[in-house]
Amino acid sequence: MEEIKKITSVEQFIKEIQSLNKEDSHLYYRGQNHFDYNLLPGILRNKSFYEDEDQLFTDFLTECPDLFKNCENNYDRLAIMQHHQLPTRLLDITANPLIALFFACDGKEKDDEEDEKKDGSVFVFTDKVEKEIVEKVFNSIKMPNAGKEIIAKQGRNYIDFYKNPYSDEIELESSLVRLDFEVKKQIFDQIYKFLKFISTHPNNKTWNEVYNNWVKNNKRRYGMDKYFEDKYKVLAGDGSIAFQSLFHEIKKDVFNYRVMLNPIDLLTPKLVKPRTIDSRIKNQKGAFIFVPFIVSEIGYDEVVNKDLELVDMIRYCSDSGDTIKFRIPQKQKKSILEELATLGINRSFIYPDDYSMVAGEIKDKFLKS
């Protein structure tokens with residue numbers, strides 16, 4: 001169930017945010033200026049984008065090389081592309097709820113006047129999700145083995161979905177973006193076969209138990225539990241051109257990258273903060289949801305539905321178990337933007353590297369007088 005809370009002022013919004021039960025979690029926010037918009041990243045809003053993700057990345061990198069001079073890896077490059085509105089699998093969020101409120105009220109960043117006539121919304125996300133919710137969602141998307149492995153991975157009663165931008169998982173997934181769609185399909189066909197296999201261990205060992213012990217004690221490339229080893233070798237690139245392509249892509253940025261991966265990690269959404277590589281990211285207190293790859297023969301529409309469920313899984317729930325969504329009536333948007341401006345949150349602050357925003361604000365002052 002979803003609880004809708006109507007917001008008519010900045011003061012009321014702040015009180016609502018302060019009332020959220022954070023416990024040990026960190027909350028993040030996303031503002032959308034159309035109440036009915038879903039939580040799909042740009043890459044999944046069009047089938048051509050989804051199938052040509054690698055070409056979108058390469059074309060932008062080729063056309064605007066100077067933008068990426070300070071980037072250290074593919075995740076940095078994705079973050080820059082997202083902030084310049086290229087369709088990616090990153091979904092913008094922020095650690096500052098007032099920034100999200102600004103986006104819920106302001107429609108001019110996309111020059112879309114129609115959205116200004118509609119109600120806005122703010123979604124709330126959490127980095128820690130109860131295991132029961134995780135298991136339910138993975139059952140719903142027909143990946144029950146993955147769900148069991150994920151909830152067995154951490155000994156607490158919740159799963160932590162925050163990832164460091166330098167983590168192996170983020171490096172892997174960011175590099176996957178650069179692979180041809182057919183190569184991605186080959187990789188995930190192998191992963192889905194592995195998911196079916198891992199539930200068959202004769203001693204009922206979980207894959208994550210075996211993998212974590214192997215990582216902890218490993219001095220060799222292989223040498224894990226014999227039951228899993230041959231199947232895992234394929235995922236580590238042994239005899240698989242597709243996986244070799246993935247590791248080759250990673251090593252362009254991280255030459256000494258150790259050829260290892262836990263396929264379960266590729267199936268979950270992740271909350272990731274980017275490095276502060278430009279002033280826009282800094283001012284917006286920006287972070288991203290890295291929406292996972294769902295690639296197989298299931299078809300584009302089913303991919304979209306499954307990814308929507310996975311993103312929904314990390315939304316904040318109240319004590320009653322309802323997700324929270326704030327509604328900002330269209331009639332209140334202008335006054336809320338004026339309140340935010342008095343707090344220093346306006347277009348020139350949100351977009352410090354876009355001087356047309358500064359010019360627009362100066363122009364608006366004279367139009368009002």
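Where a number appears in this text, it was derived from the coordinates with a stated rule and is not lab data. Only a predicted model underlies this, so the values are computations on that prediction, with no experimental measurement involved. As a convention, Cβ positions derive from the backbone with ideal geometry for all residues, glycine included, and neighbour counts pool all protein chains shown.
Here are some notes:
- For E2, E173, order by how many other beta-carbon atoms lie within 10 Å, fewest first: E2, E173
- Across segment 72-86, rounded Karplus estimates of 3J(HN,Hα) from the backbone phi angles (6.51 cos²θ - 1.76 cosθ + 1.60, θ = phi - 60°) give 9, 7, 5, 5, 4, 5, 4, 4, 5, 4, 4, 6, 9, 6, 6 Hz, Gly and Pro being marked x.
- Among K15, K128, K325, the residue with the largest mean-square fluctuation in a Gaussian network model of the chain, with springs joining Cα atoms closer than 10 Å, is K15.
- Three-way shape call for the chain based on the alpha-carbon gyration tensor, with the a/c threshold at 1.5: prolate
- Proximal lysines to K15, defined as alpha-carbon separation beneath 16 angstrom and excluding residues fewer than eight positions away on the same chain: K5, K6, K325
- Neighbour-count ranking [beta-carbon atoms within 10 angstrom, fewest first] of T323, T58: T58, T323
- Our summary gives the chain a relative contact order of 29 percent, counting only alpha carbon pairs under 8 angstrom and 6 or more residues apart.
- Relative to the longest principal axis of the Cα atoms of the chain, the long axis of helix 181-197 lies at roughly 60 degrees.
- Vicinal HN-Hα couplings computed from phi for segment 88-94 (Karplus, 6.51 cos²θ - 1.76 cosθ + 1.60; Hz; Gly/Pro x): 9, 8, 8, 10, 5, 9, 8
- GNM result for the chain, Cα springs below 10 Å: residue of D230, D319, D180 fluctuating most strongly: D319
- Pair-distance profile P(r), taking every C-alpha pair of segment 154-212, with 5 angstrom steps and integer %: 4, 13, 15, 19, 22, 18, 8, 2
- With neighbours defined as other Cβ atoms within 10 Å of a residue's Cβ, the residues R275, R178 order from fewest to most as R275, R178.
- Cα long-axis angle, helix 355-368 against the chain (0 to 90 degrees, to the nearest 10): 30
- Of L235, L20, L90, the residue with the greatest mean-square motion in the GNM of the chain, using alpha carbon springs below 10 Å, is L20.
- Degrees separating the helix 144-153 axis from the principal Cα axis of the chain, which is the longest one: 90
- With θ taken as phi - 60° and the Karplus curve 6.51 cos²θ - 1.76 cosθ + 1.60 applied, the whole-hertz 3J(HN,Hα) list for segment 327-344 is 10, 10, x, 3, 5, 8, 4, 4, 5, 5, 4, 5, 5, 5, 4, 5, 8, x Hz, x standing for glycine and proline.
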